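What follows is a single structure, written as structure tokens, with notes after it.
The values are calculated or read from the model by the stated rules, or taken from the named source; none is laboratory data. Bear in mind that the values here come from a model prediction, so they are computed numbers and not experimental data. Cβ coordinates were reconstructed from backbone atoms using ideal geometry, including for glycine residues, and neighbour counts include every protein chain displayed.
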Amino acid sequence: MATRVRPVAMRLAILLLPSLIVLASVGVTTAIAVSVQERSLRTATGERVREVAITLAELSQVREALRIAAADAEGGRERATAELQPLADVVEHASGVDYVVITDASGIRITHPTPAERGKPVSTDSSRVLAGEEFLGTETGTLGTTLRAKVPVREGGDGSRVIGTLSVGILESHISAEHDESLGQLLPWALGALVLGTLASSLLAAGLERRFRRLADAAREHERVRRTAAALREQTHEFHTRLHVIHGLVSHGDVQEALDYIDDAAPVLTEGGGDGVLPGQPLLRATVEALRAELGALGARIETRIEVSDEIDRDAVLVIANLCRNAGEAGASRVRCSLVQRSRRLFGVVEDDGPGVDPRAAERIFTRGYSSKPDPSGVGRGLGLDLVRRTVASRGGSVELGRSEWGGARFSFEMDMIEGGGHDDGR
């Protein structure tokens with residue numbers, strides 16, 4: 001049982017593997033693309049806010065306004081706000097940032113998008129910026145969490161003292177919205193790749209499944225042929241052994257012992273007939289008597305109608321014997337065999353009152369290995385009708401399946417009387 005489950009599990013794994021590879025590949029690629037896109041977006045945003053902050057910090061207008069604010073703490077801050085707030089508003093709209101905040105050296109806001117916040121100290125620590133350092137990172141202020149850049153505003157371009165700070169930021173919520181928009185543009189491509197990959201893997205899986213089925217069918221056929229060949233070798237060996245025994249008994253004149261040996265090997269029942277039946281046809285007569293015995297053991301009775309003038313050879317006997325034996329094994333209780341010779345052609349019909357042949361199996365019934373009967377031996381059945389077909393075809397004939405007048409199967413055939421004979425049916 002375990003050996004049977006293992007190949008099935010392996011086949012299932014191999015068939016699912018392409019789809020799993022496609023799914024994993026597209027998933028990993030999409031995740032990497034999303035991560036790279038997010039990092040690229042944050043990097044570009046950081047560079048943008050820093051560039052805006054540095055550019056504004058170097059404007060002489062900003063420096064002059066902060067010097068005025070430093071000279072006059074009260075009135076100077078108001079004048080600086082009036083001077084710089086319009087500039088901050090224009091920069092916010094033009095560069096797409098959420099705020100531009102300028103403070104003096106004490107950390108008091110000169111500009112802010114919210115008027116109420118102007119003139120108040122900043123909510124985040126700006127000591128390191130006032131000490132001359134730059135800052136780029138995420139902080140939470142009055143407007144929310146933002147990615148911001150803070151740079152010092154120096155009194156002169158020569159790196160002189162710091163007279164204020166300039167902070168430019170973009171809300172994290174806006175960055176997330178931009179990321180979601182970019183993700184929405186990426187997902188259709190990822191889904192398209194997933195669909196195409198899945199379709200390709202499905203086609204590959206279907207091809208593999210067909211290949212598996214062909215290999216499995218070939219393996220079963222090979223095993224059936226191997227078992228049939230082994231059985232035939234055993235039967236042939238046993239048959240030759242018995243022939244040698246019979247030959248030895250007959251050659252020494254022990255005829256009765258030979259008959260007893262034959263009767264023990266294959267009991268022969270005699271019903272009527274005798275030497276006066278089928279004169280000049282010893283092989284056919286022996287075959288009919290053997291079939292009468294075999295079918296009688298199966299509970300069937302055989303009827304014959306034979307109108308031939310030339311002696312029947314072993315090929316014709318093989319066809320008759322297989323068709324009659326097949327009828328008895330199929331469950332018939334009455335079998336009729338008719339043989340008629342017309343010129344050099346032999347026409348035969350074997351019909352019975354058995355269950356007949358399923359129409360769905362009619363096209364396969366002459367195929368090697370096919371049998372509607374059980375095979376308890378395990379060595380393979382379905383050889384008789386295939387042998388009939390090949391034998392009749394080798395003698396320039398054909399065999400057909402129909403329904404008998406009793407409701408069972410009816411096999412009709414025609415073939416040359418002798419191998420290589422003509423095809424004139426005399427009609």
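Scanning region 52-75 for residues that are surrounded by fewer than 17 Cβ atoms within 10 Å (Cβ to Cβ) and closer than 27 Å to Ala177 by Cα yields Ile54, Thr55.
Every test in (1) surrounded by fewer than 20 Cβ atoms within 10 Å (Cβ to Cβ); (2) in a strand (DSSP E or B) is passed by Asp89 save one, and that test is (2).
Just the residues that are among the basic types (Lys, Arg) and farther than 16 Å from Ala53 by Cα, please, taken from region 84-127.
Within region 84-127, the subset among the basic types (Lys, Arg) is 109, 118, 120.
Residues satisfying the conditions are Arg118, Lys120.
Report yes if Glu78 is crowded, with 18+ Cβ neighbours inside 10 Å, assigned by TED's automatic domain parsing to the domain that holds Pro152 and free of Cβ contacts under 8 Å to residues at least 60 places away in the same chain, otherwise no.
Values: crowded, with 18+ Cβ neighbours inside 10 Å: no; assigned by TED's automatic domain parsing to the domain that holds Pro152: yes; free of Cβ contacts under 8 Å to residues at least 60 places away in the same chain: yes.
For Glu78, the condition - crowded, with 18+ Cβ neighbours inside 10 Å, assigned by TED's automatic domain parsing to the domain that holds Pro152 and free of Cβ contacts under 8 Å to residues at least 60 places away in the same chain - is not met.
What are the residues in region 52-75 that are in a loop (DSSP other than H, G, I, E, B) and free of Cβ contacts under 8 Å to residues at least 60 places away in the same chain, if any? Matches in region 52-75: Leu59, Asp72, Ala73, Glu74.
Do we find a residue being of a type in the set (S, T, N, Q), modelled with pLDDT under 70 and either in a helix (DSSP H, G or I) or surrounded by 13 or more Cβ atoms within 10 Å (Cβ to Cβ) (or both) anywhere in region 31-51? Spell out how you get there, then give the answer.
First pass over region 31-51, keeping only residues of a type in the set (S, T, N, Q): 35, 37, 40, 43, 45.
Checking the rest, the ones that are also modelled with pLDDT under 70 come to none.
The answer is no; no qualifying residue exists.
Selection of first residues in region 385-410 that are of a type in the set (Lys, Arg) and of second residues that are in a loop (DSSP other than H, G, I, E, B), restricted to Cβ pairs under 7 Å at least 6 apart or on distinct chains, gives the following pairs, ordered by first then second residue: Arg389/Phe366; Arg395/Glu419; Arg403/Gly356; Arg410/Ser404.
Here the condition is being closer than 18 Å to Arg403 by Cβ, in the same structural domain as Val388 (by TED's automatic domain parsing) and basic (Lys, Arg); of Arg292, Arg336, it holds for Arg336 alone.
Taken together, the criteria exclude Ala321 from residues that are in contact (Cβ under 8 Å) with a residue 24 or more places away in the chain, in contact with a helix residue (DSSP H, G or I) (Cβ under 6 Å, 6 or more places away or on another chain), farther than 21 Å from Met417 by Cα and not hydroxyl-bearing (Ser, Thr, Tyr).
Of the residues that make up region 287-300, is at least one outside any loop (DSSP other than H, G, I, E, B), within 15 Å of Phe411 (Cα to Cα) and either in contact with a Gly (Cβ under 6 Å, 6 or more places away or on another chain) or touching a residue at least 24 places away in the same chain (Cβ under 8 Å) (or both)? So far as region 287-300 goes, no, none of its residues is outside any loop (DSSP other than H, G, I, E, B), within 15 Å of Phe411 (Cα to Cα) and either in contact with a Gly (Cβ under 6 Å, 6 or more places away or on another chain) or touching a residue at least 24 places away in the same chain (Cβ under 8 Å) (or both). Thr111 meets the conditions (1) at pLDDT below 85; (2) crowded, with 17+ Cβ neighbours inside 10 Å; (3) among the hydroxyl-bearing types (Ser, Thr, Tyr) in every case but one. The failed one is (1).
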